[in-house]
Each structure stands twice: as C-alpha cells, then as structure tokens.
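The block underneath contains the structure these notes are about, expressed in structure tokens.
The values are calculated or read from the model by the stated rules, or taken from the named source; none is laboratory data. Everything numeric here is computed off the predicted structure, so don't read it as measured data. Because the Cβ atoms are built from the backbone with ideal geometry, glycine has one as well, and the counts that use them run over all protein chains shown. What goes into the accessible areas is simple: the full protein's heavy atoms, side chains included, and nothing from ligands, DNA or RNA. Shrake-Rupley method; radii C 1.70, N 1.55, O 1.52, S 1.80 Å.
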Amino acid sequence: SVRCVQETENNLEKDQITIIAGRAKFLNNNTVECNGQQYQANHIIIAVGSVAEKLPIEGAELAMNSDGFFALEQQPKSVLIIGGGYIGVELSGVFNTMGTETYLSYRNADILHRFDKDCIHFLKQHMLNDGVRLLPSTVCTKITKQSNGLYRAEIEGHSEIKQLDVEVVLQAVGRVPDIDGLGLENTDVQVEKGRIISDENHFTSAKGIYALGDVTSPLQLTPTAIRAARILGETLFNLSLIHI
C-alpha cells in the first residue's frame with residue numbers, strides 16, 4: 001500500500017540511505033546510470049524482483065495480474081483465476097471468502113503440484129467445501145470482452161465447462177525476473193534461462209556485482225529474499241560465511 005511504501009522510505013532516510021527513483025542500467029561492471037546520472041561503487045546489488053508473467057493467448061491483456069488485484073475498487077461478483085500456484089490459490093481463497101463466485105483453472109492435475117501431497121489433498125478438500133470451483137488439467141485459450149461488460153474465457157480440458165463469463169479474469173501463471181533493460185549485457189554477469197546466476201553467498205560471475213531475491217531464486221518468497229540479504233551483508237561486511 002501507499003502507506004507501507006511511505007513508511008519504508010521514511011525508515012531508509014532515517015538510516016541515511018539515499019533513494020534514487022528511476023530505472024538503473026549497467027554501463028559496465030562498476031557503473032550504473034539512472035536518470036542521466038552515473039554512479040560507481042565497489043559493491044552493486046541487484047534486487048529488482050520479478051514481474052508477473054503474461055499468458056501467451058489472444059486477449060491476455062484483458063486479464064489482470066496479482067498487482068491489479070490490489071487496485072480493485074469494487075468486489076467482483078465472479079472471477080476466473082488462471083494458475084494453480086500459491087498466488088492463484090491464495091487469491092482464490094480471498095475472493096471466495098468475500099463471497100465472489102470463484103473459479104480456479106490450472107494446467108496440472110493438482111494445485112501446488114510441487115508441494116507436499118498430503119497438504120495439497122487437505123487444502124483441496126477445504127477449498128471445495130468452501131465453494132471454490134476447481135478446474136484441474138485445463139487451459140484458457142482465449143479471452144474476449146462481451147457487450148454486457150463480462151469477460152468470456154475459452155476453456156480447454158474440462159468435460160463440462162467450455163467457456164466462462166465472469167466480471168474479472170486474473171492470471172497468476174508465474175513471475176519472471178525483472179531484468180529486461182538492466183544492461184546486463186554490458187557486464188560479466190551470467191544469465192541463464194532469464195535468471196541471474198549467483199553462488200550460495202549471492203556473488204555473481206562479475207566481481208563486485210551481487211544478486212538476490214526473485215532475480216536468482218526459483219523460490220519467489222519474501223522470507224527467502226530477506227535471508228539472502230542477511231547472508232550477503234554478513235559475507236561482505238562481517239566477513240562471516242553463512243549459507244541457507
């Protein structure tokens with residue numbers, strides 16, 4: 001929220017940390033440019049996080065992502081959430097608890113398919129009992145806006161439901177590192193499959209450049225990033241090597 005951002009900025013300023021609002025770009029291994037100004041440092045940390053991945057289908061621009069969820073001004077009467085990861089599952093629970101008719105479509109046979117099977121079974125039963133409509137092994141192939149203002153989602157893989165008309169379609173199909181435009185090609189930082197490669201202490205392949213959080217880890221969780229930052233701080237400034 002705006003209030004949380006303001007409080008964070010105030011705390012940073014109290015700690016005498018200068019905030020530079022803008023998109024930074026690497027010029028070389030120890031120089032970045034932001035708003036036309038160049039900055040040099042012996043230690044540069046990349047912690048730009050991730051952005052929501054977009055569905056590769058016609059009409060994907062009509063579906064909001066998890067960022068758009070927090071910008072909603074009115075509760076929708078119906079919603080289709082696409083994606084069975086923890087973001088999709090969490091938001092389906094929120095919508096359903098508020099009384100919104102909620103559908104959750106996911107391409108795998110189970111939600112949270114990489115998590116503990118017993119936990120998945122327990123959670124799935126609770127969701128079904130609470131009224132969430134689960135659509136396993138399905139994919140959304142197209143989204144269009146109807147004349148009545150509803151969004152129509154074409155569904156493949158379900159024996160009964162071939163299309164849904166809902167007030168909101170929300171895509172939660174994953175997040176990707178937000179590294180486009182950072183100028184990493186001007187550095188010695190190694191990138192593989194869209195992620196920055198770093199070691200257990202969050203050093204990259206470029207001397208003096210470090211990376212942590214969603215840009216490196218497939219575990220896109222806040223506690224993981226916080227732990228990574230502590231490890232890097234200890235390693236750089238307290239000369240103690242600690243690993244996750």
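Note on the range 1-29: among residues that are of a type in the set (S, T, N, Q) and either touching a Leu at 6+ places or on another chain (Cβ under 6 Å) or within 18 Å of Asp67 (Cβ to Cβ) (or both), the one that is modelled with the highest pLDDT is Thr8. Residues in the range 26-62 that are within 17 Å of the chain's Cα centre (by Cα) and assigned to a strand (DSSP E or B): Ile46, Ser50, Val51, Ala52. Could you go through the range 181-190 and let me know if any residue there is closer than 30 Å to Asp110 by Cα and exposed (fewer than 14 other Cβ atoms within 10 Å of the Cβ). Among the residues of the range 181-190, not one is closer than 30 Å to Asp110 by Cα and exposed (fewer than 14 other Cβ atoms within 10 Å of the Cβ), which makes the answer no. Scanning the range 203-225 for residues that are assigned to a loop (DSSP other than H, G, I, E, B), crowded, with 20+ Cβ neighbours inside 10 Å and under 20 Å from the mean Cα position of the chain (by Cα) yields Leu212, Thr216, Ser217. Selection over the range 63-83 of residues that are modelled with pLDDT of 95 or more and either crowded, with 23+ Cβ neighbours inside 10 Å or in a helix (DSSP H, G or I) (or both) gives a count of 6. Scoring His113 on the criteria (1) loosely packed, with under 12 Cβ neighbours inside 10 Å; (2) out of contact with any Ser or Thr (no Cβ under 7 Å at 6 or more places or on another chain) leaves a single failure, condition (1). Taking the listed residues Ala172, Ala206, Ala153, the one that is among the hydrophobic types (A, V, I, L, M, F, W, C) and over 30 Å from Gly59 (Cβ atoms) is Ala206, with no other qualifying. Does Ala153 meet the test of being modelled with pLDDT of 95 or more, in contact with a Cys (Cβ under 6 Å, 6 or more places away or on another chain) and either surrounded by 14 or more Cβ atoms within 10 Å (Cβ to Cβ) or of a type in the set (Gly, Ala, Ser) (or both)? Spelling it out, Ala153 is indeed modelled with pLDDT of 95 or more, in contact with a Cys (Cβ under 6 Å, 6 or more places away or on another chain) and either surrounded by 14 or more Cβ atoms within 10 Å (Cβ to Cβ) or of a type in the set (Gly, Ala, Ser) (or both). A count restricted to the range 140-184 and to residues that are part of a strand (DSSP E or B), more than 22 Å from Gly194 (Cβ to Cβ) and among the hydrophobic types (A, V, I, L, M, F, W, C) stands at 9. Take Met64 and tell me if it is over 19 Å from Gly149 (Cα atoms) and aliphatic (A, V, I, L, M). Here the answer is no, as Met64 does not meet what is asked.
Give the number of residues within the range 121-137 that are at positive phi and open to solvent by less than 50 Å² (accessible area, probe 1.4 Å).
Result for the range 121-137: 1.
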